[in-house]
1. When Ala118 is evaluated against the numbered criteria (1) within 25 Å of Arg147 (Cα to Cα); (2) hydrophobic (A, V, I, L, M, F, W, C); (3) out of contact with any Gly (no Cβ under 8 Å at 6 or more places or on another chain), which criterion, by number, is the only one it fails?
2. From the list Val137, Val34, Val123, pick out the single residue that is among the hydrophobic types (A, V, I, L, M, F, W, C), on the phi < 0 side of the Ramachandran plot and free of Cβ contacts under 8 Å to residues at least 60 places away in the same chain.
3. Is it the case, given these coordinates, that Lys4 is of a type outside the set (Phe, Trp, Tyr) and without any contact (Cβ under 8 Å) to a residue 60 or more places away in the chain?
4. Looking only at segment 146-183, count how many residues are β-branched (Val, Ile, Thr) and in a loop (DSSP other than H, G, I, E, B).
5. Taking Val142 as the residue in question, decide whether it is closer than 18 Å to Val123 by Cα and either touching a helix residue (DSSP H, G or I) at 6+ places or on another chain (Cβ under 8 Å) or surrounded by fewer than 18 Cβ atoms within 10 Å (Cβ to Cβ) (or both).
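Any read-out appearing in this document is the output of simple, stated calculations on the displayed coordinates, not a laboratory observation. Just so you know, these numbers come straight off a predicted model, no measurement behind them. No Cβ is skipped: glycine too gets one built from the backbone with ideal geometry, and neighbour counts run over all protein chains shown.
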Amino acid sequence: MSVKDFENKRWLKKDHEPVFRHRAAADMIVGGRVLDFGCGEGTVFDLLRQKNIDYVGLEISEEGARKSRAKGATVVVVDPMEKKLPFNDHEFDYVLLLDVLEHNLEPEILLSEAKRVAKNIIVSVPNFNSLPARLQVLIGAVPENNRANKGHSYWFNWPVLVAMAKSVHLVIEERKFNTFWEKKFIIGGILKKMTSNFPNLLALSFVLLLKKDE
């Protein structure tokens, strides 16, 4: 099955509700022009409607693009394995790469391209080294993010993500994490505070606002 077929099959399913990465990214955007790489069915577009954002979606799946366009979004269908994005230098204020890098065999090239076309890059990736993942390995189970139905080809943890951003001369302007049990009384608040100090162990995913290191 090709990547395009995989994504088309995924977006044929029922619509996805906004989750942590979508809301965190939307909160980081203050205005301007946004390129949403891997826009899917336009979940972030829904969240940005009220901000008067000039939005362009980029998607490999015709099915995902169709759903986004039905909401009123401008969407360009493109192969994410292409080495160069079809946009001019500094054309956008933000590029969103929400759970995209881990699906790409050469994510650092995509990150460099995002840096070329935008002032700010918002990245989210799942944490393949989270405590739940480690416990699943310990009992002989395959962690959720490593399963074939996820379509992941590159495994991230906190040090890998930070090192990759540094390698393409991007600095972390803002960071957000989510963790397990965070909605539970008392322990949820404790875990949230601890996650900031131990993201590689406790975070389920990372959302970063990156800027050029100039």
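1. Failed condition: (1).
2. Working: Val34 fails: free of Cβ contacts under 8 Å to residues at least 60 places away in the same chain; Val123 fails: free of Cβ contacts under 8 Å to residues at least 60 places away in the same chain.
Just a single option satisfies the conditions, and that option is Val137.
3. On the way: of a type outside the set (Phe, Trp, Tyr): yes; without any contact (Cβ under 8 Å) to a residue 60 or more places away in the chain: no.
Here the answer is no, as Lys4 does not meet what is asked.
4. In the first step, residues of segment 146-183 are kept if they are β-branched (Val, Ile, Thr); the result is 160, 162, 168, 171-172, 179.
Cutting the leftovers down to in a loop (DSSP other than H, G, I, E, B) gives us 168.
Total meeting the criteria: 1.
5. Numbers: closer than 18 Å to Val123 by Cα: no; either touching a helix residue (DSSP H, G or I) at 6+ places or on another chain (Cβ under 8 Å) or surrounded by fewer than 18 Cβ atoms within 10 Å (Cβ to Cβ) (or both): yes.
It is false that Val142 is closer than 18 Å to Val123 by Cα and either touching a helix residue (DSSP H, G or I) at 6+ places or on another chain (Cβ under 8 Å) or surrounded by fewer than 18 Cβ atoms within 10 Å (Cβ to Cβ) (or both).
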